[in-house]
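These notes are about the structure you will find just below.
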Amino acid sequence: MKVTADRRRCMAAGHCAISAPTVFDHGEDGLVVVLDADPGEDAREAVETAEDLCPSRAIAVETAGTERVPAR
Amino acid sequence: MTTPIPTEDKRLFAYPQDRSCPWQPSSGYRELGERGPLHRVRLWDGKSIWMVTGHAQARRLLADPRMSADRSRDDFPAVLPRLDAPIFKPIAIIGFDPPVHDIHRRMLAPDFSLKQVRALRGSVEELTGKLVDDMLRKGPPAELIEDYALPIPSMVISELLGVPYDDHAFFEAKTVGLLQAKSAQDAEAAGRALWDYLDELITAKEREPGGEGVLSRLVGRVDEDGDLTREDLLRIALALLLGGHDTTSQMIALGVVTLLEHPHQLAALRADPGVLPAAVDELLRMVSVTDVSGVRVATEDIEIDGYVIRAGEGVLVSSSMTNRDPEVFPDPYRFDVHRAGGRNAASGRHHLTFGFGIHQCLGQNLARMELEVAFAVLFDRIPDLRLAVPLDGLPTRSGGTMQGVHTLPVEW
Ligand code: HEM
Ligand code: SF4
């Protein structure tokens, strides 16, 4: 699954790093940093919780099936 | 009999209504919530606005850029008389739309980030332990607001901002004066006293730059032609001082009352300290201490689930009721520290007690940490704590504003 976070939208609420600490963290400025942009399926529930809780709609999850992830 | 209110409006639900129980909304709100997600309600000044009780609709509206938080707009509703006071318009950050909102919020983000909050935890545990030592030394009964619930957030925000805690009696009294005022004049007087106090404090920091705390750091960034004027800084100082202690202290107080009145839930929390974070969010959901998640005005016509909010109409999101939307919280009136069950650690954060959208509470992680420490230390050190007066004898605050109790006598 492909995960992106838009730092221009982030308001540093911190839900993402609580929900999915292996995928999201925060920089010195308090704003979101993506640690793992392509986490395994076992992180799905955590990442979707982060996406759902993010108050400023900064997190996007590209789900396999709805969007074909290009081969690297 | 001759009121200026049109006949049609008299039939509207009158906002606000007092709680009959410290942690549950009035039965009037409950009936309203059962009727649907959006309602027209009548305010003190005869004007009517929308009140949102549906969780999904509230999230959509609070995240909608067509909803303005700009309190200086003529069409922004004053949902209580005190909010008509000039000091509230414009209140920093919370009362601004982008781009100014985002600029100021980002200036503060590093000071309120998760990392910063985690670094503060040890010192909060220490000060909380000392407060309990003092209570135990004096012996029962104790007044929990003055002895515990208020000093914790008050000391933390003073330290963080660089406001001398020695002045706490003054700024706490003026904050309550501002937030609980019955009239715009009283609110303005209390607000001006705080404003003048902070003005002097910032002048002192300007003379001696390089001090500790957020305000000293921001003094160095003031630029009259840039993103932070001196007046902006004063407004920010006021918002942080106000926002930082009354909310959290009343949340500690009402949280303690709620736990004491649900002994099985308190026992479950004691048995497994791992549920503490989830229990804090469940308490935040139940108590909905601010009663309101946010007030906005529509800048364009907005269609939502068959309702049309017209440009210029006010919208109030009820946290007490959106937090009891059965679509999201099954059996919503039940207090259950295990509500989040085995799901993700953060899933208890769906309540709207801290609002939603770009204005979602800046201090929420700080508040959560203070609450975790406050409940853990208190019930660990004083396991047989109990109310010293009957529940219905607690002097409670009125509806529509910061909920709470004026005093909280306890014994052990
Ligand atoms: C239990 C404690 C607290 C509760 C229930 C609470 C509640 C809220 C709510 C509902 C909002 C959103 C208002 C809106 O959208 O119009 C908010 C915003 C805000 N809160 Fe808190 N708050 C708490 C503690 C704190 C603390 C400790 C601080 C620290 C200084 C703080 C500072 C702020 C600020 C600056 C905003 C404005 C954020 C923005 O507009 O971007 N709050 N709070
Ligand atoms: S949840 Fe959203 S707003 Fe909060 S830190 Fe993460 S990306 Fe930023």
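Summary table
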quantity	calculated
Full-stretch length increase - B:E212, B:R343 - with 0.36 nm per residue and alpha-carbon distance subtracted	43.1 nm
Per-residue ³J(HN,Hα) for the range B:329-339, Karplus 6.51 cos²θ - 1.76 cosθ + 1.60, θ = phi - 60°, Hz, x for Gly and Pro	10, x, 6, x, 7, 8, 8, 9, 5, 9, 3
Leading residue at positive end of dipole, the protein assembly as shown (Cβ point charges), from B:L108, B:L387, A:V23	B:L387
Separation of the B:Y165 and B:D134 label points, Cα + 7 Å toward Cβ, nm	0.8
Area accessible to solvent at B:W23, 1.4 Å probe radius, in Å²	30
Relative contact order of the range B:46-99, defined on C-alpha pairs under 8 angstrom at six or more residues apart (%)	35
Length-normalised contact order of the range A:2-68 in % [C-alpha pairs under 8 Å, at least 6 apart]	43
Debye, to nearest 20: dipole size of the protein assembly as shown, +1 on Lys, Arg Cβ, -1 on Asp, Glu Cβ	740
Check: chain B dipole with +1 on Lys, Arg Cβ and -1 on Asp, Glu Cβ, in debye	840
Pairwise label distance in nanometres, B:R192 with B:S20, each label 7 Å out on the Cα-Cβ vector	4.2
Convex hull volume per residue in cubic angstrom - Cα atoms of the range B:315-412	157
Gyration tensor (alpha-carbon) shape descriptor, the range B:18-398, a/c threshold 1.5	oblate
Residue among B:G226, B:T322, B:V257 farthest towards the positive dipole end of the protein assembly as shown, charges placed on Cβ	B:T322
Virtual spin-label span in nm between B:D227 and B:Y307, 7 Å along Cα→Cβ	3.6
Residues of the range B:336-382 buried by at least 30 Å² on assembly (accessible area, 1.4 Å probe, chain alone as reference)	B:N344, B:A346, B:R349, B:H350, B:F356, B:I358, B:Q360
Those residues of the range B:311-349 whose amide nitrogen sits under 16 Å from the label point placed on B:A267, 7 Å along Cα→Cβ	B:336-338
Projected-area average for the protein assembly as shown over all orientations - Cα convex hull basis, square nanometres	24.9
³J(HN,Hα), Karplus 6.51/-1.76/1.60, whole Hz, each residue of the range B:26-32, x for Gly, Pro	4, 5, x, 4, 4, 5, 4
Neighbourhood net charge (13 Å Cβ-Cβ; Lys/Arg +1, Asp/Glu -1) for B:R270	-2
Accessible area of chain B belonging to carbon and sulfur atoms, whole % at 1.4 Å probe	52
Between B and A, accessible area buried - total, square angstrom, nearest 100, 1.4 angstrom probe	2000
Residue-averaged beta-carbon neighbours from other chains (10 angstrom radius) around A:5-16	5
Chain B, relative contact order [Cα under 8 Å, separation at least 6], %	25
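The values are calculated or read from the model by the stated rules, or taken from the named source; none is laboratory data. Just so we're clear, the structure is a prediction, and the values are computed from it rather than from any experiment. FYI the Cβ positions are ideal-geometry reconstructions off the backbone, even for glycines, and counts take in every protein chain you see. Side chains are part of the model used for accessible areas, which takes the heavy atoms of the whole protein and leaves out ligands, DNA and RNA. Shrake-Rupley method; radii C 1.70, N 1.55, O 1.52, S 1.80 Å.
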